[in-house]
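Since the structure comes first, as structure tokens, the remarks are kept for the end.
The values are calculated or read from the model by the stated rules, or taken from the named source; none is laboratory data. Since the model is a prediction, treat every value here as computed from it, not as a measurement. Don't worry about glycine lacking a Cβ; one is built from the backbone with ideal geometry, like all the others, and counts go over all protein chains shown. Ligands, DNA and RNA are stripped out before the accessible areas are found, and what is left, the full protein with its side chains, is counted by its heavy atoms. Shrake-Rupley method; radii C 1.70, N 1.55, O 1.52, S 1.80 Å.
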Amino acid sequence: MAYLSNIIFAILLVTAIFFFRKNILFVKRNIQMGKAIERKDHAQKRWSNMIRVALGQSKMVTRPIAGILHIVVYIGFIVINIELLEIVLDGLIGTHRVFAPFLGKAYDLLIASFEILAALVLICVVLFWLRRNTIRVKRFWKPEMRGWPKKDADYILYFEIVLMTLFLSMNATDLLLQDSGDPYYIRAGSFPVSELMTPLFSSFSPSMLVVLERSFWWMHIIGILIFLNYLYYSKHLHILLAFPNTYFQNLSPKGKFKNNETVTKEVKLMLDPNADPYAPPDDDIVLEKFGASDITDLNWVQLMNAYTCTECGRCTDECPANQTGKLLSPRKIMMDTRDRMEEVGRNINQNGTIQDDDKQLLDDYITREELWACTSCNACVESCPIGIDPLSIIMDMRQYLVMEESAAPSDLNNMMSNIENNGAPWPFNNQDRMLWANEN
Amino acid sequence: MNIPTLSELSAEGKKPEVLFWVGCAGSFDERAKKITKSFIKILHKAGVSFAVLGSEESCTGDPAKRAGNEFLFQMQAMTNIEVMNAYQVRRIVTTCPHCFNTLKNEYPSLGGQFEVMHHTTFINTLIKEKRFTISGSVYKGKRITYHDPCYLGRANQVYQAPRELIKKLDAELVEMKNCKSKGLCCGAGGAQMFKEPEKGNKDINIKRTEQAMETQPEIIAAACPFCNTMMSDGVKNKEQENKIHVQDIAELISKAEDL
Ligand code: SF4
Ligand code: SF4
């Protein structure tokens, strides 16, 4: 019986890790539904991007208020995770504050810094909640945020409030027990924040304090394990994917769009004066689908983008189309891509392979009206704090519409036939290109 | 105006130092033609040996590519590349950021390797090389706000060259709240120029014009023929065309220098 709690702890931990691993493998498999794209060049530049943008949060501060709040929560998250290591070891071995004897004075410092960070995180998270729900910052109330996305954002904040409160309450009761001389609660740590909370618990008897301390301890770690498994369902997945996402982001100038190699081959053939027009079709040219109408037509970086999106809405906020009341929202493009990818993922889980479900990303998720409203201005790409490229998806889908369905708006069809016939988007004769030189 | 074409020059066995890519707007659009001529005056003044392609020039394919027609784009691109490679073109300057971006970024993977410059960068180089100076004081102290074209700014990180030129005009450069990497699109890019906007509550060019008007400018400086049209329409819509003038940077310079 003496080992009962260690065993329960080990089972909980292993179960949580098991499900977490399973979910991560789903994420990986779903991302791999995307097409290949070369993103391994310039390793040094990629590392530095990741360190600057993901680790260093450099693009967060372009919006100072949200940026600074986020950085505090982020640092808190990373540093407080050191404490998690101790908690896990204590749980497995059955010790209490196992690091304390080894670290001596440094342990006091460590615990004190966790406490201060926990308090700061609490403050920031409350401010985040107020921004969303009381100040109602506009971008958090766009149509695509209705339902689950809104709840998800709030749940994450509640989770963090609960976890931080449990952490501090655990320390407060621990401190009282240390003061009571209970031999199990060795004198360890310095508690600048939770010592202010001790009056809340000082009326309890020592045995009741032990119950409380243990409950807080267990609820805190269980909460963390639940949160770990919540990531898969949440925009909070960005805390992991922001790193690979910034590593693999596009390094070319933003104005360079993808070149379609299949088209290149065909065009070369057409322009080659020596080509035999009656030659049998080249076997090398596989009849490839142009552009994207579903997630399997996108590349894996675009799919990873979708999983990484935190739904912060900075892209949508900067989007000229969205600002002027058009349906297009680059954030929605990313959310739709993720939703559809998860739907296809569930389809595979159920059937083993993708079974036709009579749905696709185009029309069932993203409408044509949204796609045609884009000015390709790159404001969304520029503003994303973690290197997501909604524009590339829009462009791939337009390519599908034009090249597979010939479904461009009629004005654009006119423009294109002008280019085809006259070499200019307007109906002018190419021979007249120099007329301006003789006009005054 | 006597404008040499590449075919004429090469018939004489001559090679210009740079090809001026006029672009469809610069060739056909009434407003944009003025920009073309202003830039040519600057080239003449600086003694730059240049040529144009004339009727051998064809749309870069930019609007086709941004509309999603990769096939038409590549047809245009490869035909243009063939022409330019036959003339062994090395350097290109253009007054259109869309042409600039397409020639610079999209043509290399189709066999067109050129050094491509936007005219604002090119004029700056001429000044640095002491081949051209801006000394006129027509714009001294005038409030000028500059609208960043998306395909020059965000797409290619050219933010400084146009601003340096405005400062050389001795004008007061007043920045909009949304400028440089945060600049708002004029609404023309991505082939929007050629279609009606989707349903919304405002046109993008109106929104951008409002942002420009917040700086109380006398002039809105543009560096793109399409932005120029969009902003001019915006100013007209606000009935401010007598107070606020939309001018390309090349036009400002050529006027300042009385060219
Ligand atoms: S590129 Fe398109 S989606 Fe992105 S901000 Fe510009 S208009 Fe909006
Ligand atoms: S794409 Fe980037 S900027 Fe847009 S909502 Fe997602 S994380 Fe935010």
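Counting only helical runs of four or more DSSP H residues, what would the 222 nm mean residue ellipticity of chain A come to if each run contributes -39,500 (n - 2.57) and the total is spread over all its residues?
-19000 deg cm²/dmol
Please identify every one of the GluC sites (Glu not before Pro) in segment B:71-174 that sits in a loop by DSSP and has no more than 14 other beta carbons within 10 Å of its own beta carbon.
Listed in order of number, the matching sites are B:Glu129.
Just the number, please: carbon plus sulfur as a percent of the accessible area of the protein assembly as shown, 1.4 Å probe, no ligands or DNA/RNA counted.
Here it works out to 59 percent.
Taking the Cα centre of segment B:6-125 as the origin and placing charges on Cβ (Lys, Arg +1; Asp, Glu -1), which of B:Thr94, B:Ala46, B:Ala64 is farthest toward the positive end of the dipole?
B:Ala46
Average the reciprocal distances over every distinct pair of alpha-carbons in segment B:133-257, invert the result, and give the Kirkwood radius in Å.
14.6 Å
Give me the distance between the Cα centres of segment A:79-131 and segment A:1-43, rounded to whole Å.
24 Å
Filter the cross-link list A:Lys235/B:Lys182; B:Lys41/B:Lys130; B:Lys142/B:Lys177 down to pairs whose alpha-carbon distance in this structure exceeds 22 Å.
Distance filter (> 22 Å) returns A:Lys235/B:Lys182.
Loop-only trypsin sites (Lys or Arg not before Pro) in segment B:10-100, please: DSSP not H, G, I, E or B, and at most 12 other Cβ atoms within 10 Å.
Taking segment B:10-100 and a limit of 12 other Cβ atoms within 10 Å, the loop trypsin sites (Lys or Arg not before Pro) found are B:Lys14.
Just to make sure I understand: if all protein chains stay in place, what is the order of A:Lys59, B:Lys130, A:Lys268 by accessible area at 1.4 Å, largest first?
Greatest to least solvent exposure: B:Lys130, A:Lys268, A:Lys59.
GNM on chain B, C-alpha springs below 10 Å: top fluctuator among B:His147, B:His245, B:His98?
Checking each option, the largest mean-square fluctuation is seen for B:His245.
Helix-only mean residue ellipticity at 222 nm, chain B, DSSP H runs n ≥ 4 weighted -39,500 (n - 2.57), per residue, nearest 500. What is it?
Only helices count here, giving -12000 deg cm²/dmol.
In the Gaussian network model of chain A, springs joining C-alpha atoms below 10 Å, which of A:Ile71, A:Ile111, A:Ile11 carries the largest mean-square fluctuation?
Most flexible of the set in this elastic network: A:Ile11.
Put +1 on the Cβ of each Lys and Arg and -1 on the Cβ of each Asp and Glu in chain A; which of A:Leu109, A:Thr375, A:Ile7 then has its Cα farthest toward the positive end of the dipole?
Of A:Leu109, A:Thr375, A:Ile7, it is A:Leu109.
Tell me, what is the 1.4 Å probe accessible area of A:Met270, in Å² to the nearest 10?
The accessible area of A:Met270 comes to roughly 110 Å².
Highest first, please rank the peptides A:331-338, A:353-360, B:54-61, A:224-231 by the mean number of other Cβ atoms sitting within 10 Å of their residues.
Final packing ranking: A:331-338, B:54-61, A:224-231, A:353-360.
Determine the equivalent ellipsoid of segment A:23-161 by diagonalising the alpha-carbon gyration tensor, then write out the semi-axes as square roots of 5 times the eigenvalues, largest first, rounded to whole Å.
Taking √(5λ) for each eigenvalue gives 31, 25, 18 Å, largest first.
Express the accessible area of segment B:133-257 per residue in Å², computed with a 1.4 Å probe while the remaining protein chains stay in the model.
So segment B:133-257 comes to 39 Å² accessible per residue, rounded to a whole number.
Show me you know the interface measure: the accessible area buried between B and A, both chains summed, probe 1.4 Å, in Å² to the nearest 100.
The summed interface area works out to 5600 Å².
Could you give the distance between the Cα centres of segment A:149-193 and segment B:225-259, to the whole Å?
Taking the Cα centre of each part, segment A:149-193 and segment B:225-259 sit 63 Å apart.
What whole-number value in cubic angstrom gives the convex hull volume per residue for the C-alpha atoms of segment A:261-408?
Given the Cα convex hull of segment A:261-408, per-residue volume reads 145 Å³.
Determine the per residue accessible area of chain A with all protein chains present and a 1.4 angstrom probe, expressed in square angstrom.
48 Å²
Within segment A:1-109, which chymotrypsin sites (Phe, Trp or Tyr not before Pro) sit in a loop by DSSP and count at most 14 neighbouring Cβ atoms inside 10 Å?
Sparse-neighbourhood loop chymotrypsin sites (Phe, Trp or Tyr not before Pro): A:Tyr3.
Any chance you could check the Cα centroid distance between segment A:338-416 and segment B:127-159 for me, in angstrom?
38 Å
What residues does segment A:225-265 have that are buried by at least 50 Å² of accessible area in the full protein assembly compared to the chain on its own, 1.4 angstrom probe?
A:Gly255, A:Lys256, A:Phe257, A:Asn259
Compute the Rg to Rh ratio over chain A from the alpha carbon atoms, using the Kirkwood formula for Rh, and round to two decimal places.
Dividing the radius of gyration by the Kirkwood radius yields 1.10.
Please compute the net charge surrounding B:Glu115, taking Lys and Arg as +1 and Asp and Glu as -1 over other residues with Cβ under 14 Å from its Cβ.
+2
On a full-extension model of 0.36 nm per residue, what is the gain between A:Leu85 and A:His42, subtracting their alpha-carbon distance, rounded to one decimal in nm?
That pair, A:Leu85 and A:His42, stretches by 12.0 nm at full extension.
Treat segment B:6-125 as a sphere of radius equal to its Kirkwood radius over Cα pairs and apply Stokes-Einstein at 25 °C in a medium of 0.890 mPa s; give the translational diffusion coefficient in µm²/s, rounded to a whole number.
Roughly 169 µm²/s, to the nearest whole number.
Using the Cβ atoms and a cut-off under 13 Å, what net charge is assigned to the surroundings of A:Phe114, where Lys and Arg are +1 and Asp and Glu are -1?
Local charge sum for A:Phe114: -4.
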